[in-house]
Each structure stands twice: as structure tokens, then as C-alpha cells.
Amino acid sequence: MMEDIATVFPAVKILRNEPLAHYTYTKTGGPADYLAFPTNVQETKSLLAYAKQEDLPVTVVGNASNLIVRDGGIRGLVMILTEMNQITSTGETVTAEAGALLIKTTQVAQSHSLSGLEFAAGIPGSVGGALFMNAGAYGGEISEVALSAEVLTPAGEIRTLTKKELDFGYRHSSIQDYHDIVLSATFALTTGDGEAIQAKMDDLNARRAAKQPLELPSCGSVFKRPAGHYTGQLIQEAGLQGLKWGGAQVSTKHAGFIVNIDHATATDYLELIHHIQEVILKEDNVQLETEVRIIGEKPTTEK
């Protein structure tokens, strides 16, 4: 019988049967069998090795801002890397650990008068999550500034991946294909004027606050942008803006977002997403693909 993982790693905060709704931006999601918060590379590496030895599935989560965890939760070991959050700057580069908030990373860049990350000033994800999905906003993408990433492979090796090896695409990187765990990322920036950089960040944040439902729990942008269309506009024109499904609602502020207005479940979110996809396919012949990452198991009560 497997020894309890918490006793094997007494220095690491590990919770059993912990509801992931406590950590996701949607405030939904079932329990993780084991939820660990490693604080450094060695702990992450040791946890991965132990899970492999005990045949425990491993799931890695960043800031859980663009994520839906199904109501059945996640079996095995879930690692949230937000305790790994150191950010340093050398010359014209900024290096941030995987769990560092992207917003905080943009602030560190600005404090060193480094330009290039302004577009990410309001993106609520972690650096690891941003790298995983090549996060972008306001015409900028992580791929434009990423220089390299340190990753932990499923085999337990630590590797440094070049920008080319990260193989960035629209909301895609090689991290998704090879199931690597991002440990840190280095961004190549350019020296600029600190006040001008801050002014641009302030402007983008004001635009974001005016258009997006930041005051309510959501999973961020739900769908990828389909070629030749704007997702929010398609949903609006189909008459779906404001539609409620259980406790979830298509945001009345921005139709590309789904907000939790009344104790929504992940199932409410997923059923509403599916309904939107069906309607848009039928009315516009456009297949909406989800940008939000959907993980975990269906609840046992669901057929």
C-alpha cells in the first residue's frame, strides 16, 4: 500500500481531497486526491518522481485563471506552482519562476524600464500558464518576448528549451504536446522609458476594465478567435448574450466571457459552452474551439 504522500514530503504543503473550486477563477471544480504546493525545483522534481514510482497521475496548475476543472475533480497528484514565484532581472532580460504572476512580472519589467511585456499587464495567469498556451492580448503574445524556458520533462529531466523548441502557435506551445512542467521562463525585452511603459500598461488595464467582467468570477476568454470572426460578436448576434445556465451566465459586459453569478458548477459552465458551440455552428457554420483549458473527471452522477 502506498505510504501517505504528505508523510513522505513533510516540508511540502499537501492537502487531501481538496476542492479545486477554492483555487480556480470560476470558483468551480471538484476535489484533487492530493494537492501539493512545491516551493522550489527540487520539491517539484521529487514529487514528480514519487508520483511516477507510485503510478499516480500528475496534473500541474498555475494560477487557474483560464481553467475549468470538472465537478468530478482530479485523480492522483495536482501541483499548484504559485509558491514558485521568484522574478529577477539581468540586463535586458527578466526571468520568472512558473508560479509568478504574469501581472507581477510585467511590473518588475517596468520597474527596470524594460519594454515588451506591456500587453500582458492585465493577464491574470501565471508565467507557466502563459507559456503553456502562448497567452496574448492587445496585439501582443508571449511568443514575441519569450527567450527560453526551463522545464521538467515527464521523465524527470530538467531541460532548457529555446524559443524555437517551444514551437509557439496561436494559444499553443510545445509544452502542451510533450507534457513538460514549466519551471521558469526568460523574456528578452528592450530598454525603454519607465514612465511611458507604465502609461501604456495603465491604458491597456483601463481598456480591459471597461470591456471585461473583471468584477465577477470567470475563466477568462472562453473561446479561441475563429478566423475572420470575433467570438463575442457571433455570440451577441445569435442572441446568447446574458443567457443563464444554472449559476453561469454569458457575460452582459462581454459575450466572450462566462461568469459565475450564482454558485455555478463546472457542469453549468461546460453545458453552456456546448450550447453556445451548437448554436454558432448551426447559425454561422463556425466551429468555436475552447481557449479555456478543461481538465478533470465528470461527476459520477453525470451520464
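The values are calculated or read from the model by the stated rules, or taken from the named source; none is laboratory data. This structure is a prediction, so every number in the text was calculated from the model and none was measured. As a convention, Cβ positions derive from the backbone with ideal geometry for all residues, glycine included, and neighbour counts pool all protein chains shown. With ligands, DNA and RNA removed, areas are computed over all heavy atoms of the protein, side chains included. Shrake-Rupley method; radii C 1.70, N 1.55, O 1.52, S 1.80 Å.
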Exercise. How many residues does the stretch 173-223 hold that are of a type in the set (Val, Ile, Thr) and more than 19 Å from the chain's Cα centre (by Cα)?
Worked result: 3
For this session: Would you mention how many residues in the stretch 179-225 are open to solvent by less than 30 Å² (accessible area, probe 1.4 Å) and among the hydrophobic types (A, V, I, L, M, F, W, C)?
Result: 12
Problem set entry | In the stretch 237-259, residue surrounded by the fewest Cβ atoms within 10 Å (Cβ to Cβ) [restricted to those that are in a strand (DSSP E or B) and among the aliphatic types (A, V, I, L, M)] | VAL259
For this session: Please give the number of the condition GLN287 fails out of (1) touching a residue at least 60 places away in the same chain (Cβ under 8 Å); (2) open to solvent by less than 60 Å² (accessible area, probe 1.4 Å).
Result: (2)
Problem set entry | Given (1) surrounded by fewer than 16 Cβ atoms within 10 Å (Cβ to Cβ); (2) under 22 Å from ILE68 (Cβ atoms), number of the condition SER126 does not satisfy | (1)
Seminar exercise, completed: Matching residues in the stretch 137-159 (among the small types (Gly, Ala, Ser) and either over 14 Å from PHE187 (Cα atoms) or in contact (Cβ under 8 Å) with a residue 40 or more places away in the chain (or both)) number 5
For this session: Scan the stretch 33-59 for residues that are under 28 Å from ILE103 (Cα atoms) and touching a Phe, Trp or Tyr at 6+ places or on another chain (Cβ under 9 Å) and jot them down.
Result: LEU35, ALA36, PRO38, GLU43, LEU47
Exercise. Can THR231 be described as at pLDDT 95 or above and within 19 Å of the chain's Cα centre (by Cα)?
Worked result: no
For this session: Can you run down the residue pairs with Cβ atoms below 7 Å, 6 or more apart or on separate chains, where the first is in the stretch 260-277 and open to solvent by less than 10 Å² (accessible area, probe 1.4 Å) and the partner is aliphatic (A, V, I, L, M) and part of a helix (DSSP H, G or I)?
Result: ILE276/ILE235
Problem set entry | Cβ pairs under 6 Å, 6+ apart, first in the stretch 220-240 and on the phi > 0 side of the Ramachandran plot and in contact (Cβ under 8 Å) with a residue 24 or more places away in the chain, second buried (at least 17 other Cβ atoms within 10 Å of the Cβ) and part of a loop (DSSP other than H, G, I, E, B) | GLY220/SER65; GLY220/ASN66
Problem set entry | Residues satisfying the stated conditions in the stretch 111-129, i.e. touching a residue at least 40 places away in the same chain (Cβ under 8 Å), within 23 Å of GLU83 (Cα to Cα) and in a helix (DSSP H, G or I) | SER111, VAL127, GLY128, GLY129
Exercise. Can you tell me how many residues in the stretch 226-236 are part of a loop (DSSP other than H, G, I, E, B) and either open to solvent by 60 Å² or more (accessible area, probe 1.4 Å) or of a type in the set (S, T, N, Q) (or both)?
Worked result: 4
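Output the residues belonging to the stretch 173-182 that are outside any loop (DSSP other than H, G, I, E, B) and either of a type in the set (A, V, I, L, M, F, W, C) or out of contact with any strand residue (DSSP E or B) (no Cβ under 8 Å at 6 or more places or on another chain) (or both). So that I can check it myself, show each step before the final result.
Here is the first cut: in the stretch 173-182, the residues outside any loop (DSSP other than H, G, I, E, B) are 174-178, 181-182.
Of everything in the stretch 173-182, those that are outside any loop (DSSP other than H, G, I, E, B) and either of a type in the set (A, V, I, L, M, F, W, C) or out of contact with any strand residue (DSSP E or B) (no Cβ under 8 Å at 6 or more places or on another chain) (or both) turn out to be ILE175, GLN176, ASP177, TYR178, ILE181, VAL182.
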Exercise. Given (1) touching a Phe, Trp or Tyr at 6+ places or on another chain (Cβ under 8 Å); (2) open to solvent by less than 30 Å² (accessible area, probe 1.4 Å); (3) in a loop (DSSP other than H, G, I, E, B), where does GLY99 come up short, assuming only one miss?
Worked result: (1)
Exercise. Name the residues in the stretch 140-172 that are under 17 Å from the mean Cα position of the chain (by Cα), in a strand (DSSP E or B) and surrounded by 14 or more Cβ atoms within 10 Å (Cβ to Cβ), would you?
Worked result: GLY140, GLU141, ALA146, ALA149, VAL151, HIS172
